[in-house]
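Student: Sending over a structure as structure tokens; questions will come in a sec.
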Amino acid sequence: MRQGGRRAQLVAVLTSPDDLDHDPLSGVDPLADGLEVRADLVGDPEPRWLRRNFTGSLTYCLRSQRHGGRHQGRSGERQTRLAHAADRYDMVDLEWPHDLTPDVLARVPPHRRRISWHGGKTGRDGLFRIFDAMAAVPAALYLLSVGPTTEGSTSAPMFLSALDRPDVTAFASGPAGIWTRILAPWLGAPVVFGHAGAEGPDGMPSLRQLVVDYGLPALPRLDHLYGIAGVSPGRSLSPRLHNTALRALGLRALYLPFPSRSLSHLLHTTASLGTHAGLPLRGLTVTAPHKEDALALADTASRAARGAAAANVLSLENGRRHADTTDPAGVLDSLAAAGIDPAGRSTAVVGCGGAGRAVALALRQAGARVTMVNRSRDRGLRAASLVGLPFVPLPAFSARGHSLLVHATPLTDRPPFQLTTADPGAVVLELVYGEEPTALMTAARAHGLPAIDGRSVLFIEVREQFRLLTGHTMPADTARTLPQDASEHSTALCPAKVIP
């Protein structure tokens, strides 16, 4: 495992013509050490203009279709463009093995070569064989990108940790590989790549995410990992909050997004990484659809998690797994902070997934009269049976008569139920958040109803999740790292809470 004190080089990647505008480049310049021009996506900008707007090094990359890019020109035209770039860029990306011709190598000296390989699913031993062939040609940097897989390959991080060379980076491409990109510099990679603009579908985070959410380019020592597991957690605000707190407390850990469609597979592969790279996974916050699996895979569980038949926190210690849920604390503490006592209130919980069930039970224990509401009748009846509460199908539901309305589904673009019949003063609380105020929050405020949005619930839940995972209290000022507007950070659903 690499020691602390090192610093990664941040490379901003231009993948859209909009990235070439002056304002985006001026925003990138203070953050990035280098700029990579994806010429197959943005064309061949004038390097002299780039240097007037960016003070770091410039890399030219003409990614071919066979390596996952869009360039499909003939070999002669490609070699001409690469050779021309060698005279004007600090580094030129050469794809192994097709670009490594005598003519190209003669035009691109070793100190300006980045030799890259973008291939399919390959194990650690396969990566070693490929790298041995690549390394026969001298270069300043070698880059190996394992093809996207459903779960994100651990072969790249295990290869890096075993290789121990300062001139090689490796990661898994695609959305499932985002965590391998972020972790790579801690495993010895000299550089880490981020989109100059917003994060894209290729699994590459934005440059701003690398800096704000993960603390790069600093590389403090790591002893273990935490993370968030879900189908697409890479745009969640949880990594920013957890990593800010970990750094503030001096804890030697990193919190990563782990996109996964199978929680058991994720636990298996990260266990292998812990064994080979010395970075054990100590715990996860869990989003849908893995909440029931989190409980099923646990050795022990809290009473709240057992009652809801779902968990959103999975602590891993000494080979044992403990499941818990923070959804009750998120709702009850949010209500308390707003001066609202749920006791005696007629309450509707819309959404019967793990979050909805946990919240409904907690509200009943706090003295509320709770009714479960769900779009799917069968799923709603199952949930109501699990928690022992009455159920109303969503098509038959009316907000009238309920003084507390809780929204526990992922829906953000339209209200999950109508507020036109809501009683005056009825409190509306939801567990989901988005880039802008959700449709339900907008409607509640338009009707003059007290409203508690998902971001308020988010911080309370994350704070409790941090305590359960680390045993430490999250510093109170961590919430200041949350974006104040949608332009600063695009977000996904509130971690560890939604999905009915």
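Student: Take the alpha carbon atoms of the range 414-466, find their center, do the same for the range 61-108, and report the distance between the two centers in whole angstrom.
Tutor: 52 Å
Student: Does the range 99-198 come out rounded, prolate or oblate, given a ≥ b ≥ c as the square roots of the eigenvalues of its C-alpha gyration tensor, rounded meaning a/c under 1.5 and, failing that, prolate meaning a/b above b/c?
Tutor: Prolate shape, in that a/c is at least 1.5 and a/b is the bigger ratio.
Student: Next question. Over all directions, the average projected area of the alpha-carbon convex hull for the range 125-275 comes to how many nm²?
Tutor: With every direction weighted equally, the projected area is 8.6 nm².
Student: Taking amide H atoms as placed 1.01 Å from N in the peptide plane, list the residues 5 or more away in sequence, or in a different chain, whose amide H sits under 5 Å from that of residue 340.
Tutor: Result for residue 340 returns nothing.
Student: Leaving ligands, DNA and RNA out of it, report the carbon-plus-sulfur percent of the accessible area of the range 250-348 at a 1.4 Å probe.
Tutor: On the way: 1820 of 3850 Å².
Carbon with sulfur: 47 percent of the solvent-accessible area.
Student: What accessible area per residue comes out for the range 21-118, rounded to a whole number of Å², with a 1.4 Å probe?
Tutor: 48 Å²
Student: Determine the calculated [θ] at 222 nm for the chain from helices alone, applying -39500 (n - 2.57) to every DSSP H run no shorter than 4 residues and normalising by the residue count; nearest 500 deg cm²/dmol. Walk me through the numbers on the way to the answer.
Tutor: Numbers: 18 runs with 165 residues, N = 500.
It lands at -9500 deg cm²/dmol.
Student: If you don't mind, another one. Using a 10 Å Cβ count of at most 16 others and DSSP loop calls, identify the longest part of the chain lacking such GluC sites (Glu not before Pro).
Tutor: 1-434
Student: Please list, ordered by chain and number, the residues whose modelled amide H lies under 5 Å from the amide H of residue 6; skip anything fewer than 5 residues away on the same chain.
Tutor: Hits under the 5 Å cutoff: 219.
Student: Residue-wise, which Karplus ³J(HN,Hα) couplings in Hz belong to the range 16-26, taking 6.51 cos²θ - 1.76 cosθ + 1.60, θ = phi - 60°, and x for glycine or proline?
Tutor: 9, x, 5, 5, 8, 5, 4, 4, x, 5, 5
Student: Residue by residue, what Karplus-based ³J(HN,Hα) values in Hz, rounded to whole numbers, does the range 414-431 have, using 6.51, -1.76 and 1.60 with θ = phi - 60° and x for Gly and Pro?
Tutor: Calculated HN-Hα couplings, in order: 8, x, x, 8, 8, 9, 5, 9, 5, 5, x, x, 4, 8, 10, 10, 9, 9 Hz.
Student: Now a separate question. In the chain, what % of DSSP beta bridges are antiparallel (nearest 5)?
Tutor: Expressed as a percentage, antiparallel bridges in the chain total about 15.
Student: Under the classification rounded if a/c is under 1.5, otherwise prolate if a/b is larger than b/c and oblate if not, where does the range 372-469 fall, given a ≥ b ≥ c as square roots of the Cα gyration tensor eigenvalues?
Tutor: Since a/c reaches 1.5 but b/c is at least a/b, the shape of the range 372-469 is classed as oblate.
Student: What stretch of the chain, leaving out the sites themselves, is the longest with no trypsin sites (Lys or Arg not before Pro) in a DSSP loop having at most 16 other Cβ atoms within 10 Å?
Tutor: My reading of the result: 262-399 is the longest stretch.
Student: So who's got an amide H within less than 5 Å of the one on residue 427, skipping anything under 5 residues away but keeping other chains? H placed 1.01 Å off N, in plane.
Tutor: 404, 405
Student: Moving on. Please compute the per residue accessible area over the range 308-445 with all protein chains in place, 1.4 Å probe, rounded to a whole number of Å².
Tutor: 39 Å²
Student: Right, another one. Express the relative contact order of the chain as a whole percentage, based on alpha carbon pairs under 8 Å and six or more residues apart in sequence.
Tutor: Relative CO of the chain lands at 11 percent.
Student: Given [x] 1.29; [y] 1.01; [z] 1.07, which label gives Cα Rg over 2.2 N^0.38 Å as computed from the coordinates?
Tutor: Computing Cα Rg over 2.2 N^0.38 Å and matching it to [x] 1.29; [y] 1.01; [z] 1.07 gives [z].
Student: To continue, here is another question. From the C-alpha gyration tensor of the range 1-110, pull out the three semi-axes of the equivalent ellipsoid (sqrt of 5λ each), sorted largest to smallest, in whole Å.
Tutor: Output for the range 1-110: semi-axes of 24, 18, 14 Å.
Student: Distance from the Cα centre of the range 257-318 to that of the range 228-255, in angstrom?
Tutor: 15 Å
Student: At a 1.4 Å probe radius, carbon and sulfur cover how many percent of the accessible area of the range 18-68? Please report the intermediate quantities before stating the final value.
Tutor: Details: 1000 of 2340 Å².
The computed percentage sits at 43.
Student: Next up: For the range 197-213, just list the computed ³J(HN,Hα) in residue order, Karplus coefficients 6.51, -1.76 and 1.60, θ = phi - 60°, integers in Hz, with x standing in for Gly and Pro.
Tutor: Each residue of the range 197-213 in turn: x, 6, 4, x, x, 7, x, 7, x, 7, 4, 5, 4, 4, 7, 7, 7 Hz.
Student: State whether the range 170-224 is rounded, prolate or oblate according to the following rule on the C-alpha gyration tensor (a ≥ b ≥ c being the square roots of its eigenvalues): a/c under 1.5 gives rounded; otherwise a/b larger than b/c gives prolate, and the remaining case gives oblate.
Tutor: oblate
The values are calculated or read from the model by the stated rules, or taken from the named source; none is laboratory data. As the structure is a computational prediction, the values presented were derived from the model and not from experiment. So basically every Cβ, Gly included, is an ideal-geometry build from the backbone, and we count neighbours across all protein chains shown. Areas reflect the complete protein model, heavy atoms only, side chains present, ligands, DNA and RNA absent. Shrake-Rupley method; radii C 1.70, N 1.55, O 1.52, S 1.80 Å.
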